[in-house]
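Notes follow once the structure below has been shown.
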Amino acid sequence: MARKDLYEKPFDEGTITKLEIFENYAKEWIPTFVMGGHKELWIFDFFAGIGYGINGVSGSPIRILQQILNQAGNIFQKKTKINVCFNEFDKDKFDLLQTSCNQFVTNNPELSRMNLNMLFRNCDFADLFPKTLSTIKKYPSLVYLDQNGMKFLADKYIDDLEKTSTTDFLYYLSSSYFVRFGRTKAFQTNMNIDIERARRNPYKYIHKSILEQLREKLPQKTKLSLYPFTIKKNANVYGIIFGATHPRAVDKFLKTAWDKNTINGEANFDIDDDKKKSESTLFPELKLLTKIEVFQQTLKEKILNGSIKNNKEAFDYTLQQGHISEHATEAVKELKNDGKLLYDARTPLINYDNVYKNNKIIKYKVITP
Ligand SMILES: C[S@@+](CC[C@H](N)C(=O)[O-])C[C@H]1O[C@@H](n2cnc3c(N)ncnc32)[C@H](O)[C@@H]1O
């Protein structure tokens with residue numbers, strides 16, 4: 001397919017949303033590992049582009065460098081070695097990429113004073129990825145796969161990423177591309193996704209449908225969690241797929257996503273028409289529940305029927321459902337205020353620090369189911 005080059009026009013709103021999510025995740029990821037005392041970190045931007053958009057808006061490589069710069073104090077203090085691998089296949093773009101990044105470092109001398117190892121590669125991702133896999137597996141790694149189309153979401157790459165335990169990855173894909181090419185043999189050989197099934201839902205859900213099928217294909221005992229963020233640009237649907245094995249990473253991604261969209265945390269638009277659902281109606285009994293309300297209602301039911309018994313189970317369920325601590329906390333507090341539940345703490349303690357870092361687990365005691 002002839003593709004419009006991303007750099008011929010200013011980055012559009014959807015591209016900016018993607019870049020902001022990429023950057024906001026790096027903003028969370030870098031300090032977590034630096035402050036966690038890891039001596040060496042790796043960030044891979046496998047489809048790095050040229051550094052800036054036509055009007056000077058930063059692309060992914062510059063945003064990554066900016067977030068490293070923002071953590072300079074911690075990086076110096078902890079003596080962390082930060083490795084960044086920028087890859088770009090197109091030679092002209094590759095030259096511009098190097099110039100942009102080197103210039104950014106020159107303009108920000110703290111970056112040259114820290115232990116920053118900036119690697120530039122001018123490779124086809126298909127060749128480079130297998131060569132980097134042992135490093136990705138060995139060190140905490142943040143991997144960006146900002147491809148055109150969706151070719152590199154092929155099963156073989158997902159299979160490799162699934163086997164890593166210290167890797168967080170963010171894929172970008174054109175889900176509309178899948179609708180156009182999903183039936184071709186070349187496509188189906190690399191990616192076994194049932195296109196008819198994915199198209200059964202309204203088109204706006206295409207990205208989510210692809211993700212659901214990817215989830216189903218993971219090994220039964222996988223630790224990898226996948227989450228979608230749909231990005232609509234005019235008639236086309238794109239999206240991010242986030243993947244990680246650690247609940248801390250999932251928690252941070254979901255916060256990033258819900259920060260971007262406080263209504264649904266999974267799209268750059270009101271994908272489920274939640275705004276309409278939250279409007280008051282003459283017949284409250286006919287009111288449809290929003291995504292947050294459905295989650296809160298289900299969580300309450302699970303606590304009251306005893307299938308969720310403590311804050312850890314509540315937190316795990318919250319992440320699994322793609323929600324954030326605040327949504328769960330509000331629901332559980334309501335149960336307490338309504339006299340249906342007791343717990344021995346001021347708040348329900350549904351967050352990462354209590355559950356996984358401090359191992360502070362409290363039981364929920366149901367008073368009236
Ligand atoms: C969506 S753009 C990346 C945008 C970039 N992350 C940014 O923020 O500006 C995809 C880039 O991948 C490059 N590319 C395409 N095929 C590639 C391949 N097989 N391996 C590596 N890079 C490739 C393209 O030249 C293009 O610059």
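The values are calculated or read from the model by the stated rules, or taken from the named source; none is laboratory data. Given the structure is predicted, the values throughout are model-derived calculations rather than measurements. Heads up, the Cβs are rebuilt from the backbone with ideal geometry, glycines too, and the neighbour counts pull from every protein chain shown. What goes into the accessible areas is simple: the full protein's heavy atoms, side chains included, and nothing from ligands, DNA or RNA. Shrake-Rupley method; radii C 1.70, N 1.55, O 1.52, S 1.80 Å.
The table below lists the values:
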{"quantity": "Amide N of region 221-253 lying under 19 Å from the label point, which is placed 7 angstrom from the Cα of ASP270 along Cα→Cβ", "calculated": "230-235"}
{"quantity": "0 to 90° range, to nearest 10: angle between helix 291-304 axis and the chain longest Cα axis", "calculated": "50 degrees"}
{"quantity": "Estimated FRET transfer efficiency when R0 is 35 angstrom, pair ASP124-VAL294 (beta carbons, to 0.05)", "calculated": "0.20"}
{"quantity": "Dipole magnitude of region 13-260, debye to nearest 20 (Cβ charges: Lys/Arg +1, Asp/Glu -1, about Cα centre)", "calculated": "560 debye"}
{"quantity": "Segment GLU301-GLU216, length gained on full extension (0.36 nm per residue, minus Cα span)", "calculated": "28.0 nm"}
{"quantity": "Calculated over the chain: convex hull of Cα atoms, volume per residue (Å³)", "calculated": "160 Å³"}
{"quantity": "Pairs of lysine residues in region 69-200 - Cα separation under 25 Å, sequence separation of 8 or more or cross-chain", "calculated": "23"}
{"quantity": "Amide H partners (placed H, <5 Å) of LYS81, local residues excluded", "calculated": "GLU40, LEU41"}
{"quantity": "Bridge type composition, the chain - antiparallel percent by DSSP, nearest 5", "calculated": "45 percent"}
{"quantity": "Residue with peak Gaussian network fluctuation, the chain [Cα springs, cutoff 10 Å], from THR347, THR245, THR318", "calculated": "THR347"}
{"quantity": "Cα-based reach from LYS18 at 17 Å (exclusive), listing aspartates and glutamates while leaving out same-chain residues under 8 positions away", "calculated": "ASP5, GLU28, ASP45, ASP146, ASP168, ASP259, GLU266, ASP270"}
{"quantity": "Cα radius of gyration and Dmax for region 168-285 (Å)", "calculated": "15.9, 54"}
{"quantity": "Rounded if a/c under 1.5, otherwise prolate or oblate - region 241-289, Cα gyration tensor axes", "calculated": "prolate"}
{"quantity": "Cα gyration tensor shape of region 287-369, rounded if a/c is under 1.5, else prolate or oblate by comparing a/b with b/c", "calculated": "oblate"}
{"quantity": "The chain: most fluctuating residue of LYS204, LYS260, LYS221 per GNM, C-alpha cutoff 10 Å", "calculated": "LYS221"}
{"quantity": "Which of ASP316, ASP251, ASP338 is most accessible, then next, and so on - probe 1.4 Å", "calculated": "ASP338, ASP316, ASP251"}
{"quantity": "Separation of the TYR7 and TYR203 label points, Cα + 7 Å toward Cβ, nm", "calculated": "3.1 nm"}
{"quantity": "Residue among ALA328, ILE50, ILE271 farthest towards the positive dipole end of the chain, charges placed on Cβ", "calculated": "ALA328"}
{"quantity": "Residue-averaged [θ]222 nm for the chain, counting only DSSP H segments that reach four residues, each worth -39500 (n - 2.57)", "calculated": "-14000 deg cm²/dmol"}
{"quantity": "Acute angle (nearest 10 degrees) that the helix 247-260 long axis makes with the longest principal axis of the chain, alpha-carbon atoms", "calculated": "90 degrees"}
{"quantity": "Label-to-label distance, nm, for residues given as LEU96 and GLN320 (7 Å Cα→Cβ offset)", "calculated": "4.7 nm"}
{"quantity": "GLU330/LYS185 FRET efficiency (R0 51 Å; Cβ-Cβ; nearest 0.05)", "calculated": "0.55"}
{"quantity": "Where region 274-366 is the region considered: accessible area per residue in Å², 1.4 Å probe", "calculated": "60 Å²"}
{"quantity": "Partners for LYS340 among lysines (Cα-Cα distance below 18 Å; same-chain residues under 8 apart left out)", "calculated": "LYS300, LYS302, LYS309, LYS363, LYS365"}
{"quantity": "Sequence-separation-based contact order of the chain, relative, with Cα cut under 8 Å and 6+ spacing, percent", "calculated": "12 percent"}
